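Student: Pasting a structure here, questions to come.
The values are calculated or read from the model by the stated rules, or taken from the named source; none is laboratory data. The structure displayed is predicted, hence computed values, not measured ones. Glycine gets a Cβ as well: all are built from the backbone with ideal geometry, and neighbour counts include every protein chain shown. Side chains are part of the model used for accessible areas, which takes the heavy atoms of the whole protein and leaves out ligands, DNA and RNA. Shrake-Rupley method; radii C 1.70, N 1.55, O 1.52, S 1.80 Å.
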Amino acid sequence: MSAEDKKSSKTPRWKVPWMTLGAGLVMIIGAGIFLYPHVASWFSQLAQSKVIDSELVIFHENTDQEEAIREELAAAHEYNEALSSGAIYEANANIALGSGSLAPGAMGYNELLNETGSGFMGRLLYEDLGIDLPIYHGTSDDILLTGVGHLEGTSLPVGRKGTRSVLTAHRGLPESTLFNNLDKAEVGDIFSVTVLDEVYAYQVFEIKVINPEDTQQILPDPDRDLMTLVTCTPLGINTHRILVTAERIYPTPEATEAAALATPQLPHFPWWTVIIAVIVIGIGVYVWRDGYRLARIAQVESSDETIESTGSE
């Protein structure tokens with residue numbers, strides 16, 4: 001047998017399966033598109049938890065700031081007393097508008113509960129719905145992309161009868177969870193708002209969905225301490241608005257207070273990393289096996305050519 005025949009009879013160890021590689025790439029891209037919201041939301045929750053942890057630790061570990069905290073809370077209560085509080089959902093509007101006005105000489109909104117100058121106001125923890133988010137001043141687009149916005153014109157979230165704070169966040173963003181689960185709220189649920197070193201617990205007593213064409217006023221009750229969470233619904237369609245209203249409960253349950261002062265537990269373990277690993281390994285094995293399948297086909301074809309060549313001689 002000639003050297004050329006011996007060379008042609010060698011078994012190819014592996015052939016690059018270009019069609020298989022292309023199919024694997026398409027599958028990876030498809031999996032990436034499918035998993036993007038989960039991955040982006042996980043990193044968004046991680047960033048939000050870091051904000052909460054870094055902001056609240058200032059007040060929980062630095063006891064020398066106690067006097068400054070008491071003064072800040074007193075100023076917030078003075079603001080609420082000077083505020084003719086309220087909010088209104090106009091027909092066909094996605095975000096409520098604060099309708100309250102301040103008495104002359106009252107402190108400016110952005111100067112209060114803003115000790116670090118970042119706009120961070122507090123923490124909203126609604127464990128039953130997997131909500132643990134920073135609260136910021138105002139409801140600008142930038143704020144509502146990163147956390148919960150406090151609606152200016154409504155009471156600052158520092159408690160007391162005759163106040164009603166309104167907090168709002170988006171639903172259906174591909175890169176963040178925020179208030180996606182607010183439609184799962186149930187009467188009797190308890191959530192908390194932490195401001196400086198104070199924890200305020202609220203129990204849900206009313207859940208209302210507003211039609212697009214309706215106008216809804218969100219006003220305080222002189223005999224109750226209220227908090228309302230608002231967002232759009234249904235998820236991804238956002239034609240209606242959902243209002244979850246709760247009343248403060250006394251005393252704050254110990255478990256609620258402990259959770260509110262603890263390090264955020266979100267995000268949970270990133271199971272999407274396991275899914276990605278399985279997909280990548282699966283595609284890698286598929287490409288590798290297909291490469292050897294092509295190698296065996298090439299070997300058979302090479303053998304047939306060798307036999308034919310030998311026979312013709």
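Student: Any chance you could run the full-extension gain for Asp221 through Glu67? It's 0.36 nm times the residue separation minus the Cα-Cα distance, nm to one decimal.
Tutor: Working: separation 154, 0.36 × 154 = 55.44 nm, distance 3.05 nm.
Taking 0.36 nm per residue and subtracting the Cα distance, the gain is 52.4 nm.
Student: Taking the Cα centre of the stretch 208-252 as origin, work out the dipole magnitude from +1 charges on Lys and Arg Cβ and -1 charges on Asp and Glu Cβ, in debye rounded to 20.
Tutor: On the way: 4 positive and 6 negative charges, 31 e Å.
In total the dipole reaches around 160 debye.
Student: For Met121, enumerate residues with amide H under 5 Å from its amide H, sequence gap 5+ or separate chain, H modeled in the peptide plane.
Tutor: Ile135, Tyr136, His137
Student: For labels at Tyr286 and Val187 in the simple 7 Å Cα→Cβ model, what's the distance in nm?
Tutor: Computed distance between label sites Tyr286 and Val187 equals 5.1 nm.
Student: Might you report the magnitude of the Cβ-based charge dipole of the stretch 109-262 about its Cα centre, with Lys and Arg at +1 and Asp and Glu at -1, to the nearest 20 debye?
Tutor: The calculation lands at about 240 debye.
Student: Another one. Got a sec to turn the phi values of the stretch 249-257 into Karplus ³J(HN,Hα) couplings, 6.51 cos²θ - 1.76 cosθ + 1.60 with θ = phi - 60°, whole Hz, x for Gly and Pro?
Tutor: 10, 10, x, 5, x, 4, 5, 5, 5
Student: Using a 1.4 angstrom probe, figure out how much accessible area the stretch 214-254 has per residue, in square angstrom, rounded to the nearest whole. Don't jump to the answer; show the numbers that get you there.
Tutor: Numbers: 1920 Å² over 41 residues.
Averaged over the residues of the stretch 214-254, the accessible area is 47 Å².
Student: Return the long-range amide H neighbours of Asp132 (sequence gap of 5 or more, or a different chain), with a cut-off of under 5 Å between placed amide H atoms.
Tutor: Close amide H contacts, sequence-distant or interchain: Tyr126.
Student: Now, a different point. Taking θ as phi - 60°, what are the ³J(HN,Hα) couplings along the stretch 29-37 by the Karplus curve (6.51, -1.76, 1.60), each to the nearest whole Hz, with x for Gly and Pro?
Tutor: After applying 6.51 cos²θ - 1.76 cosθ + 1.60, I find 4, x, 5, x, 5, 5, 8, 3, x Hz.
Student: Taking the Cα centre of the stretch 118-204 as the origin, how large is its charge dipole in debye, to the nearest 20, when only Lys and Arg (+1) and Asp and Glu (-1) carry charge on their Cβ atoms?
Tutor: Working: 6 positive and 12 negative charges, 67 e Å.
Dipole of the stretch 118-204, to the nearest 20 debye: 320 debye.
Student: Let me ask another. If you take the beta carbon distance between Thr239 and Glu175 as r and set R0 to 22 Å, what does 1/(1 + (r/R0)^6) give as a FRET efficiency, to the nearest 0.05?
Tutor: Numbers: r = 22 Å, r/R0 = 1.00.
FRET efficiency, Thr239 to Glu175: 0.50.
Student: What FRET efficiency would be calculated for the residue pair Ala277, Ser118, taking the C-beta separation as r and a Förster radius of 30 Å, to the nearest 0.05?
Tutor: Working: r = 36 Å, r/R0 = 1.22.
About 0.25, to the nearest 0.05.
Student: Follow-up. Grab the beta carbon distance between Ala23 and Tyr250, set R0 = 51 Å, and tell me the FRET efficiency rounded to 0.05.
Tutor: 0.25
Student: Counting Lys +1, Arg +1, Asp -1, Glu -1, what net charge surrounds Pro253 among other residues with beta carbon under 13 Å of its beta carbon? Working shown, then result.
Tutor: On the way: positive: Arg248; negative: Glu127, Asp189, Glu254, Glu257.
Once all neighbours under 13 Å are counted, the net charge is -3.
Student: Still on this structure, I have one more. Let me check I've understood the local charge: for Asp223, count other residues with C-beta under 13 angstrom from its C-beta, Lys and Arg +1, Asp and Glu -1. What total comes out?
Tutor: Every neighbour counted, the sum reads +2.
Student: Moving to a separate point now. Between Lys161 and Asp141, how many nm apart are label points set 7 Å from Cα along the C-beta direction?
Tutor: 4.4 nm
Student: For Thr231, which sequence-distant residues (separation of 5 or more, or a different chain) have an amide H within less than 5 Å of its own amide H, given hydrogens modelled in the peptide plane?
Tutor: For Thr231, whose amide H was placed from the backbone, the distant partners under 5 Å are Ile242.
Student: Determine the distance separating the Cα centre of the stretch 262-286 from the Cα centre of the stretch 140-162; give it in Å without decimals.
Tutor: 34 Å
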